[in-house]
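Report on the following structure.
The values are calculated or read from the model by the stated rules, or taken from the named source; none is laboratory data. Just so we're clear, the structure is a prediction, and the values are computed from it rather than from any experiment. Note that each Cβ is placed from the backbone with ideal geometry, even for glycine, and that neighbours are counted across all protein chains shown.
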Amino acid sequence: MSAGETGQAPDTRKGAASGVTSANADRRNPSAALVPTLTVAASLLGLGLIWAFAAALWPSRAFPTPAAVWQVFLHDMATGELPFHLGMTLLRVAAAFIVAMVVGTVIGILLGSDRRADRFFNPWVVLFLNVPALVVIVLAYIWFGLNEVAAIGAVAVNKIPNVVVTLREGTRALDPRYAEMAAVYRFGPLERVRHVLLPQLQPYIAAASRSGIALIWKIVLVVELLGRSNGVGFQIYLYFQLFDVAAILAYTLAFVAIMLLIELALVQPLERHATRWRRRPA
Amino acid sequence: MIHASRDADDEMDGQPSAGARSSLGVDISEKTFLSADGVPLPALRDLAFEVRAGEFACLLGPSGCGKTTTLRILLGLDRDFSGAIRLPEGGCIAAVFQEPTLLPWRSVEDNVRLALPKPLRGKDLTPLFETLGLAAMRKLFPSELSLGLARRAALARAFATEPDILFLDEPFVSLDEPTAERLRHLLLSVWSERPTTALMVTHNLREALTLSDRIIVLSERPAHVIGYFDVRLPRNYRNPTVMTDLVRSFYEKFPERA
């Protein structure tokens, strides 16, 4: 989802349409659905083999074999250290993600629906889009202290401008006919949000959250490295000082695997549910 | 109220039950749009008419004369005009738009229920869906319906709210004629189950003659009323021969429309 990362709004229609066709293909032919999965598995296996081969050719403490990384992983799993730090990082990612999505969506809808407010606040958005993550983190720690609120807040502030830009685009693309229908039939404010506004913004929210999770977990590691005493970022900093590359890789890969799992087990089914009305052609 | 009509020879033979309180009164002195260059384009001028309680009226006028603009003002979607409108007592309005305007992410039944006022939310919709031939489609999403079925769902939504007045904006446009004809009859059958004051906008004379008690004939832009045409014949007597006569007498009264 690189489109989302650059702050670009997605082309909803096209994105939705391509999602539709692949989903339909999956349903019609179960063996066709296996092909992409097998391709991914083969691709990852190939990467692992190249890694193992290269590490065997140039044996070095700075370039461990997959087996060595696996050993560290098993060991730290057994001691409970790895699950603890993974859990801490995951909690921070979740908190920062929720804060960024809620605040960014609200601001994005406001700016998208009020041209004058948008003209006034747009420079702020551009400014925050371009402040380096590191600067926000350092300033947050200096101003608010080395605590959890400053850490999560700094991460959220890094992500909010992206959400604002995407949701502002989505709000501008709202279809006024639905709002007029809701006005004539006197929908309540909550019903308008739930049945008229959010379903129309769903593709934009999905794009913002996809790119959001990827961006946020990377920034969380930096926050942990600079000012926390637990979490994957803290551990990586520790093993960097010990020059223990096997441990660094073990923690990184474990977290990447968890993020992939969240994407497959949580994000994609949720999205399929939210777009179920698109997938049944007339 | 009808000072703008030069041809208001049809006296207002008010029905006994029709109190002025539950009729619709329209008196728009001016509605002007600004073009992109800032040039004022008058859409309505001295447009005044009344729809009596329980009456099915049609606003008939050439394309682009300001019919939809009038309807948007009546629906409260455009408040930038000079003049006054009086909605029937109760003020509960329902509309059937030019396009079905169903929420694509909600099922047919949810689309209807969401439009209902809170006290009616739990009501039994089965008779209405059956009258309109939608009983099997309640759980479908609008994208799974043909345009004709989607328009029926829009009719269901409007009638389910049990409105004090119903507005229809060319609800059968862009349908093939047999489908449109079937839908007109469906509209009449749900309407006669609970006769509601209704105002329909159309440029189709035959449609207006089939459906309405009274036709309000509008001028070219800027629109004002040039006369009324009452259809006193009960609707079930309006067969093709009678329709031909009705069309002829309409053109005798409004020769400029021929």
Of residues in region B:63-90 being closer than 20 Å to B:GLU30 by Cβ, in a loop (DSSP other than H, G, I, E, B) and away from chain A (no Cβ under 14 Å), the one modelled with the lowest pLDDT: B:GLY64
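Of the residues A:VAL125, A:VAL136, A:VAL157, A:VAL149, only one is surrounded by 16 or more Cβ atoms within 10 Å (Cβ to Cβ) and without any contact (Cβ under 8 Å) to a residue 24 or more places away in the chain; which?
After ruling out the rest, the residue left standing is A:VAL136.
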Filter pass, B:ILE165 being of a type in the set (Val, Ile, Thr), buried (at least 19 other Cβ atoms within 10 Å of the Cβ) and within 14 Å of chain A (Cβ to nearest Cβ): yes
Members of region A:227-274 found to be of a type in the set (S, T, N, Q) and at pLDDT 85 or above, listed by number: A:SER229, A:ASN230, A:GLN235, A:GLN241, A:THR252
Some residue of region B:169-180 being under 15 Å from the mean Cα position of the chain (by Cα), within 14 Å of chain A (Cβ to nearest Cβ), not in a loop (DSSP other than H, G, I, E, B) and not polar (S, T, N, Q): yes
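Going through A:GLN235, A:GLN241 one at a time, which residue ends up being in contact (Cβ under 8 Å) with a residue 60 or more places away in the chain and either in contact with a strand residue (DSSP E or B) (Cβ under 7 Å, 6 or more places away or on another chain) or within 25 Å of A:ALA140 (Cβ to Cβ) (or both)? Before you say what the answer is, go through the steps one by one.
Numbers: A:GLN241 fails: in contact (Cβ under 8 Å) with a residue 60 or more places away in the chain.
Answer to the check: A:GLN235.
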Condition met for A:ASN147 (away from chain B (no Cβ under 14 Å), polar (S, T, N, Q), within 30 Å of A:GLU224 (Cβ to Cβ) and in contact with a Leu (Cβ under 9 Å, 6 or more places away or on another chain)): no
In region A:50-79, the residues that are in a loop (DSSP other than H, G, I, E, B) and more than 16 Å from A:ILE248 (Cα to Cα): A:TRP58, A:PRO59
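Could you tell me how many of the residues in region B:91-113 are crowded, with 20+ Cβ neighbours inside 10 Å and facing another protein chain (nearest Cβ under 8 Å)?
Taking region B:91-113 first, the residues crowded, with 20+ Cβ neighbours inside 10 Å are B:93-97, B:100-103, B:105, B:108, B:111-112.
From what is left, the residues that are facing another protein chain (nearest Cβ under 8 Å) are B:93-95, B:97, B:101, B:103, B:105.
Going through region B:91-113 one residue at a time, the tally reaches 7.
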Among (1) surrounded by fewer than 21 Cβ atoms within 10 Å (Cβ to Cβ); (2) in contact with a Ser or Thr (Cβ under 9 Å, 6 or more places away or on another chain); (3) more than 14 Å from chain B (Cβ to nearest Cβ), the one test that A:GLN202 misses: (3)
Any pair with Cβ under 7 angstrom, 6 or more apart, that starts in region B:118-142 at a residue that is at positive phi and away from chain A (no Cβ under 14 Å) and ends at one that is surrounded by 11 or more Cβ atoms within 10 Å (Cβ to Cβ) and assigned to a helix (DSSP H, G or I): B:GLY133/B:ARG152
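Residues checked against (1) surrounded by 18 or more Cβ atoms within 10 Å (Cβ to Cβ); (2) away from chain B (no Cβ under 14 Å):
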{"site": "A:LEU197", "(1), (2)": "yes, no"}
{"site": "A:ARG210", "(1), (2)": "yes, yes"}
{"site": "A:LEU226", "(1), (2)": "yes, yes"}
{"site": "A:SER229", "(1), (2)": "no, yes"}
{"site": "A:PHE243", "(1), (2)": "no, yes"}
{"site": "A:GLU263", "(1), (2)": "no, yes"}
{"site": "A:VAL267", "(1), (2)": "no, yes"}
{"site": "A:THR275", "(1), (2)": "yes, no"}
Flag for A:LEU110 being assigned by TED's automatic domain parsing to the domain that holds A:ARG172 and assigned to a helix (DSSP H, G or I): yes
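I'm trying to understand the selection: among the residues of region B:146-172, which are among the aliphatic types (A, V, I, L, M) and in contact (Cβ under 8 Å) with a residue 40 or more places away in the chain? Spell out how you get there, then give the answer.
First pass over region B:146-172, keeping only residues among the aliphatic types (A, V, I, L, M): B:147, B:149-150, B:153-156, B:158, B:160, B:165-166, B:168.
Answer for region B:146-172, where residues must be among the aliphatic types (A, V, I, L, M) and in contact (Cβ under 8 Å) with a residue 40 or more places away in the chain: B:LEU147, B:ALA150, B:ALA153, B:ALA154, B:LEU155, B:ALA156, B:ALA158, B:ALA160, B:ILE165, B:LEU166, B:LEU168.
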Yes/no for A:ALA183 being modelled with pLDDT of 90 or more and either within 14 Å of another protein chain (Cβ to nearest Cβ) or part of a loop (DSSP other than H, G, I, E, B) (or both): yes
